[in-house]
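One structure is given below, encoded as structure tokens.
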Amino acid sequence: MRWLLGFRALVLVCLGSVATAPSVGRGTARAELSPQPGEALQVLITTAEMVVGQNRFAFGLLKEHQLLEEAHAVVRVYAFEGQHGQLKTEVPASYARLEVVEQGHRVHVHPDGTRHVHNEETEMRGIYVAQVLFARPGTWGVEVRATPGNGATEVARFTVNVLATPYTPALGTPAPRSHNLIASDVTDLRHIDTSDPPDPRLHQVRIADAIAQGKPQVIVFATPQWCTSRVCGPVVDIVRFLLPTYGARVVFTHQEIWQDFATQRVSPTVEEWHLPSEPWIFVVDGTGIIRAKFEGLTTTHEIAGALQQMLEPHE
């Protein structure tokens, strides 16, 4: 139940006020919801940074203390004009199953390619993803309508704060030329990776060196041991799933959030990337330009789609 408890904890973050840059390690959601009774539909937002333009809006759905799977869901966006909200767009939200969950248990991919199923159970088996457009910065209204296969339509309404420009590195801009620590810099990988066990394949090349060598990259920022939202370990595992297919063409790097968790000292690389939350995944092309980024939970299908779009012109 550890994943589910962590995933539900995002609701508590959502019920707080809108923030512009929350501290690293304190959850990923950053929307303001109206308080609802326990039996009402609740939206568990896993993407916090909303900016002007197209956004990946990912979330879970909770109803009567149970996560809703495979519901028909749509997202409606409202612009506030005075005291009234005007409907601007309605988009479908597709449900994507997480590849690292099998029969209610988390699947861990080891460095040698073998798979291990943890005894720890989880009810979280997928997320909803919609592509949402915001035309201007400021406060917007969002309505999520969900219809389970055998139930009536449920509705949740809340607001999100949309930024004029992203706090994190923007799409189409150069990635920071970070000199992150790699395996050859330490005597024990556990000094730079809290995964159990750490994967040496994710600590072979510095971000700056990969850019200098013209190599595309997938960079996952996550702290499996200390992640407040409990989704960092699964996100690192999701990245591992892609190694057999893309490892020969793409450099995969895992960067921990904390340089020293005890003193709350953030890694210099995380500071260079201006990451206010975790986990994050960035897809960087061979020239060092950021081509895709994913906040919070994602799937191998989404990342693979971004990789294919980036690699195909060069194949």
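The values are calculated or read from the model by the stated rules, or taken from the named source; none is laboratory data. All values derive from a computational prediction rather than experimental measurement. Don't worry about glycine lacking a Cβ; one is built from the backbone with ideal geometry, like all the others, and counts go over all protein chains shown.
Below is a table of values for the structure above.
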| item | result |
| --- | --- |
| Failed condition for Phe294, given (1) aromatic (Phe, Trp, Tyr); (2) part of a loop (DSSP other than H, G, I, E, B); (3) closer than 23 Å to Tyr128 by Cβ | (2) |
| Number of positions in segment 147-157 that are modelled with pLDDT under 95 and of a type in the set (A, V, I, L, M, F, W, C) | 1 |
| Top-ranked residue of segment 73-92 - restricted to ones that are of a type outside the set (Val, Ile, Thr) and in contact with a Gly (Cβ under 8 Å, 6 or more places away or on another chain), ranked as surrounded by the fewest Cβ atoms within 10 Å (Cβ to Cβ) | Phe80 |
| Residue in segment 182-189 that is within 30 Å of Gly60 (Cβ to Cβ), of a type in the set (A, V, I, L, M) and either modelled with pLDDT under 95 or touching a Lys or Arg at 6+ places or on another chain (Cβ under 8 Å) (or both) present | no |
| Those residues of segment 165-186 which are surrounded by 14 or more Cβ atoms within 10 Å (Cβ to Cβ) and among the small types (Gly, Ala, Ser), in sequence order | Ala175, Ser178, Ala183 |
| Residue within segment 202-210 that is under 20 Å from the mean Cα position of the chain (by Cα) and more than 24 Å from Pro166 (Cα to Cα) present | yes |
| Test: Ala130 is in contact with a Phe, Trp or Tyr (Cβ under 7 Å, 6 or more places away or on another chain) and modelled with pLDDT of 95 or more | yes |
| Residues satisfying the stated conditions in segment 213-233, i.e. within 13 Å of the chain's Cα centre (by Cα) and at pLDDT 95 or above | Ile219, Val220, Phe221 |
| Selection status of Ser195, touching a residue at least 12 places away in the same chain (Cβ under 8 Å), of a type in the set (Gly, Ala, Ser), surrounded by 13 or more Cβ atoms within 10 Å (Cβ to Cβ) and out of contact with any Asp or Glu (no Cβ under 8 Å at 6 or more places or on another chain) | yes |
| Filter pass, Gly85 being assigned to a strand (DSSP E or B), modelled with pLDDT under 90 and more than 30 Å from Arg201 (Cα to Cα) | yes |
| When residues of segment 253-265 are limited to those that are hydrophobic (A, V, I, L, M, F, W, C) and surrounded by fewer than 21 Cβ atoms within 10 Å (Cβ to Cβ), the one farthest from the chain's Cα centre (by Cα) | Ala262 |
| Residue list for segment 139-152, filter: among the small types (Gly, Ala, Ser) and surrounded by fewer than 14 Cβ atoms within 10 Å (Cβ to Cβ) | Gly149, Gly151, Ala152 |
| Condition check for Val283: assigned to a strand (DSSP E or B) and modelled with pLDDT of 90 or more | yes |
| Matching residues, segment 297-315, being of a type in the set (Asp, Glu) and in a helix (DSSP H, G or I) | Glu302, Glu312 |
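Results for (1) touching a strand residue (DSSP E or B) at 6+ places or on another chain (Cβ under 9 Å); (2) assigned by TED's automatic domain parsing to the domain that holds Thr299; (3) in a strand (DSSP E or B), shown as yes or no for each residue.
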site: Asp193; (1), (2), (3): yes, yes, no
site: Asp196; (1), (2), (3): yes, yes, no
site: Arg201; (1), (2), (3): yes, yes, no
site: Lys215; (1), (2), (3): yes, yes, no
site: Val218; (1), (2), (3): yes, yes, yes
site: Thr223; (1), (2), (3): yes, yes, no
site: Val235; (1), (2), (3): yes, yes, no
site: Thr245; (1), (2), (3): no, yes, no
site: Phe252; (1), (2), (3): yes, yes, yes
